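Read through the structure below, which is laid out as C-alpha cells, and then see the notes.
The values are calculated or read from the model by the stated rules, or taken from the named source; none is laboratory data. Here the structure is a predicted model, which means the values were calculated and not measured. Every residue, glycine among them, receives a Cβ derived from its backbone with ideal geometry; neighbour counts consider all protein chains shown. Only protein heavy atoms, including side chains, enter the accessible area calculation; ligands, DNA and RNA are left aside. Shrake-Rupley method; radii C 1.70, N 1.55, O 1.52, S 1.80 Å.
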Amino acid sequence: MQTFGNERWIPGGAAGAEFTSMHSIFENLLTRDPETGANVGELAESWESLEGGTVWKFKLREGVQFHDGWGEMTADDVQFSFEAVGAEGSASSRNNVFAKISGYEIPDPYTIIVKFSSPEILFSGDINSSIIGTQFIYSKDAVTTMGDEKADLEPIATGPYKLISHTRGDRMNFEAVEGQWKLTPAFAEMTFIKVSEDSTRVAQLRAGTVDIIDIGVDFAGELKAAGVKMKPVPGFATVGITLGGQWPLQATYDPSVPWAQPDAEKAKKVRMAFALAIDKETVVDVALGGFGAANVSLPFYFQGEPWTLDEFEPIGYDPERARELLAEAGHEGCWEFTMNLVPWPGRAFLPVVGEAVATQWEANLGCKITRRPLDRAVFATDFRERTYSGVAVPYAMPFVGREPWQLLRLNSHSSSAAMLQYEDPVFDDFLDTIGSTPDFDKRVELLQDMGRHLYSVIPRIEIAEVFGIFAIGDKIIRWDTSPGTGLIHNTDYVNLVWAPPGQRVVLAK
Amino acid sequence: MIRYIGQRLLQAILSLLVVMSLVFLLSRLSGDPVQLLADISASEEQMDALRHDLGLDRPLGLQWVTYVKDMITLDLGESIISRQPVRDLIMQRLPNTLQLGFAAMAISLLMGLPIGIYAAVNRGTRRDKAAQLFAVLGQSMPSFWLGVILILVFGVYLQVLPPGGKEGPNSIILPALSMGYITTAAVMRLTRSSMMDVLDAEYIKLARIKGLGEAKVVWKHALKNALIPVITFSVVLFTLFLGAAVVTETVFAWPGVGSLILDGVRTRDYPLIQGGVVVFSAIFILANLAVDILYGYLDPRIRLA
C-alpha cells in the first residue's frame, strides 16, 4: 500500500483515512453489493428509514461474535459505537451526522432505533462499511474493560480478519477468523506493507513478493505492457476542470474573468468553448492510461443511473465550433491564464490531466497557459478563501455515496468550504431540497431536474469517469470490489467467488 | 586534555541547539499541517479547533521554548498524524537504520579498501585507471537511480533478492549495496592516496632494500599505517549514511528512521520531522565528537592548538 500509519482503533478515534486498515477487521451495519453497489445488510439483517428520515430502525443479525471471545454483538455495542462517533472531540469526519442523534431505543438486544433531531435521509451511507470514511461497530465490553489506550492497540471487532501485530507506518499482520459469521477468508494470514514508492510496489508485485498493490494510473501503461493483471474499480471519481471565479457575491469576484463575467450568456459560451476544445478520449488515454471513460457530462451522473437522462450526453470534441463560440462571446482569441497542477492524495494523475488539457487549449484556442505546480495544502487554502479567480483547476471528485448530491453538497454548495462548481441560489436550492427528500423516486426526479439545470449552465467541464486501479499477482483468481471504493477493501473476498453470507467458495489458496 | 574535551563538548551542545532551532523553523516554513489534516470541506472553526488542539495557535517563540525544554528532557513530543510518542516511533525504527548503515559501511570498506590498495600498488597503470573508474562510477550515480536499477535487475528480472521491504536477512543486501557503492569511491581514493604516501616512505624503501617480498611489504608494513585515516573516515562515512538513509529507505521500503522522516515531511508532521532530524544530528555530532577526542588523545598537537 502506498500509505498508512495514522491508524486509530478506538471508537471515534478514526478520522476516516484509516479505512483500509480497518476494513479487514471491522464491520458495520450495512455494506454494498460488490456487483451492483446497492446497499445490503452486514451486521444488520434489515433496516428502514421512518418519519421522513428522522428515525432509523435496524434489525441486527443474531449470533455475530466479537473476536477473542468478547461475546455476541448486540444493540448496546451499536449504540456505544455511534455515541463515540458523535461525541465532542471525536476525530470522525462524520461527527456532524452522529452528533445529530437525539436518542436511541433498544426494544430487544437485536433491534435498535436511532432518532435524529433533523432528517438524515441517507444515514445508510454513514454506516456502510464499503464507503470510505464511515465508522464501524466496536465491542462495548472490550473497550470499556481494556480502556482506550489498550483498545487502541488491540482492536476487537467482528470482521473476517483480526490484527495480530502492528508496526506503525510499516506493516500490519492479520489472521483469518475461523468460522466468522459471513465466511472464513481463503488466506489464513494477510500482511499489509507500506511502500511509498510506486516503482518499488510495482517491482514487488512483478517479483511475486506481494499479491496486491494500489497504483496510480500513471503506472497503468507499464503494468499492462508487462502483462500484469489489473483490477479496475469503476466509479472511483469523476475528473474535470473547475473554472475558478464563478462566485459573483464574494469579495474575491473578478468580473473581468471571461468564463465568470457578469453577462451569463457570454460567460457560458466561453465555458462551452473550453469544453468543446478538449479531446476527452485522448485525455483518458494519455493521462489515465485508459483507465477511465469519457462518458460523463456531470459529476457522478453515470450511465445507467436513474437520474442520468439521455439528454445529458457528453460534450463532444469540436475545436472549430469552440473558436466560433469564443468569437461570439466577444473574444478574438484566447488569453493568458494559469492552470494549477495539484496532485491530490490518491489522484496523482491530476497534474497530467491538467497538462493534457492545457496543451489542447493552447493548440485549439491559442491560449497562453502558465502551468503552476502546487502543493495540495496550499491550494486547499485557495479553495476555502475563493482566491483562484481566472485559474483553471483539474480536480477529481471522489465517490462518497451513490447519489450525486451527496458529494456536491460538500464541495459545490455556496455555503461549502470548498467551491468546485459555481455559486448559484438555484443550485443551492436543489441541493438543500434533495437532501431533505426521503422518498427515493422523488429524489430521482429532483436529481434529473438538477442535472438539466447544471447541463444548461456547464459551470465545470467534466471530462471522464476515473477508475480506481489495483494490480494483482497470479495467485489471486478473483477479488470482488465495490464500485467507487478506490482504496484496498473487501480483503475477505480476495481469491473467492462472491457468495451469500454463510457460504464460501474457495477457488485457490 | 579535560579542557580540550570540555571545549569540544560545548561546541557539540551549541551545534545541536542550532540544528534544533533550524529544524524547528524550517519545518514550520513548509506550511500549515492543519491544511493537510483537515478535510477539504472542513470549516474555518473546525480548523481553528484542530490548530488549538495541536498547540499551533500559540506564539512561535513560546512553541520554541516548549520544544527546546521537551528536547532537553528527551521528550520528542507526539506525532501529529499518528498521535504516538515520537520517541517510540523513532526507537522502533532506529535499529533498522543502524543495521542498514553498518551494512552499507561494511560494503563500502570491503569494496573500497582492496580496490584502493590495488590501485596504489599498480599506480599509473591501466589497472589503476580501471579501478578508479569503477569507484568513480559509484560516486557519480544518484543513489535512488542505482537503487531502482538494482531492484529491476536482482528483484524483478533475476528474482534472486527481494525488491523491497524487510522480509528476511537478504532484504538488506540491495539497499546496503545501493548506499555502500556510492561511498566506495571516497574510501577507495583515500586508501589509494594514503597507501601511496606510505609506500613512498623511507621505512618501506628500507624494507624492500632488506629484501622483503612485495606482498609482505604491502600487507604487513604499509597497510597498517595507511589504514589510520581510512578508519577515521569510516566514522564520518557512517554519519553520511544516516543522511542517505532518507532516500534509500524510501526506495527500498526499508522501515527505518529515514523513511519515517520523509513521511513526516509529506504530512507536515512537525514533531516527527524535528525528532528524527535531531536524533540524526545528535548521532552525527556525537560521532564527530568521538573522533575529535580520539584525535586529541592520539596527537597532542591537536589539543594544544
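Can you pull out the residues in region A:216-249 that are in contact (Cβ under 8 Å) with a residue 12 or more places away in the chain, within 14 Å of chain B (Cβ to nearest Cβ) and not polar (S, T, N, Q)? Before you say what the answer is, go through the steps one by one.
If we filter region A:216-249 for residues that are in contact (Cβ under 8 Å) with a residue 12 or more places away in the chain, which is where we start, we get A:216-224, A:226, A:228-249.
Those still in the list that are within 14 Å of chain B (Cβ to nearest Cβ) too: A:219, A:222-223, A:226, A:228, A:237, A:242.
The answer is A:219, A:222, A:223, A:226, A:228, A:237.
I'm checking my understanding of the structure. Among residues of region A:456-488 that are more than 14 Å from the chain's Cα centre (by Cα) and charged (D, E, K, R), which one is most open to solvent (accessible area, probe 1.4 Å)? Selected residue: A:474.
The residues of region B:87-136 that are among the polar types (S, T, N, Q) and either in a helix (DSSP H, G or I) or touching a Ser or Thr at 6+ places or on another chain (Cβ under 6 Å) (or both), listed by number, are B:92, B:96, B:97, B:99, B:108, B:132. Number of residues in region A:378-399 that are of a type outside the set (Ser, Thr, Tyr), over 14 Å from residue A:239 (Cα atoms) and more than 10 Å from chain B (Cβ to nearest Cβ): the value is 4.
Restrict the check to region A:150-162 and report whether at least one residue is more than 17 Å from residue A:470 (Cβ to Cβ), within 13 Å of another protein chain (Cβ to nearest Cβ) and open to solvent by 50 Å² or more (accessible area, probe 1.4 Å). Yes, there is a match, as at least one residue in region A:150-162 is more than 17 Å from residue A:470 (Cβ to Cβ), within 13 Å of another protein chain (Cβ to nearest Cβ) and open to solvent by 50 Å² or more (accessible area, probe 1.4 Å). Residues that are open to solvent by 50 Å² or more (accessible area, probe 1.4 Å), in contact (Cβ under 8 Å) with a residue 24 or more places away in the chain and either out of contact with any helix residue (DSSP H, G or I) (no Cβ under 9 Å at 6 or more places or on another chain) or among the hydrophobic types (A, V, I, L, M, F, W, C) (or both) within region A:282-326 comprise just one, A:286.
Looking across region A:163-181, the residues that are buried (at least 23 other Cβ atoms within 10 Å of the Cβ) and either at pLDDT below 90 or within 14 Å of another protein chain (Cβ to nearest Cβ) (or both) come down to A:169, A:170, A:172.
Whether a residue is within 12 Å of chain B (Cβ to nearest Cβ), surrounded by fewer than 22 Cβ atoms within 10 Å (Cβ to Cβ) and more than 16 Å from the chain's Cα centre (by Cα) was assessed, and residue A:416 passes this test. Search region B:72-108 for residues being hydroxyl-bearing (Ser, Thr, Tyr) and over 26 Å from residue B:34 (Cα atoms), and hand back the single one that is nearest to the chain's Cα centre (by Cα). Ranking the candidates gives B:97 first. Of the numbered criteria (1) touching a residue at least 60 places away in the same chain (Cβ under 8 Å); (2) within 11 Å of another protein chain (Cβ to nearest Cβ), the one residue A:375 fails is (1). Among the criteria (1) surrounded by fewer than 24 Cβ atoms within 10 Å (Cβ to Cβ); (2) assigned to a helix (DSSP H, G or I); (3) free of Cβ contacts under 8 Å to residues at least 60 places away in the same chain, the one residue A:204 does not fulfil is (1).
Is it true that some residue in region A:274-281 is more than 30 Å from residue A:446 (Cβ to Cβ), open to solvent by 30 Å² or more (accessible area, probe 1.4 Å), in contact with a Phe, Trp or Tyr (Cβ under 7 Å, 6 or more places away or on another chain) and of a type outside the set (A, V, I, L, M, F, W, C)? If you could, list the steps in order and put the result at the bottom.
Restricting attention to region A:274-281, the residues satisfying the condition of being more than 30 Å from residue A:446 (Cβ to Cβ) are A:277, A:279, A:281.
Remaining after also requiring open to solvent by 30 Å² or more (accessible area, probe 1.4 Å): A:279, A:281.
Imposing the further condition that a residue be in contact with a Phe, Trp or Tyr (Cβ under 7 Å, 6 or more places away or on another chain) reduces the set to A:279.
Checking the rest, the ones that are also of a type outside the set (A, V, I, L, M, F, W, C) come to A:279.
Yes, region A:274-281 contains a residue that is more than 30 Å from residue A:446 (Cβ to Cβ), open to solvent by 30 Å² or more (accessible area, probe 1.4 Å), in contact with a Phe, Trp or Tyr (Cβ under 7 Å, 6 or more places away or on another chain) and of a type outside the set (A, V, I, L, M, F, W, C).
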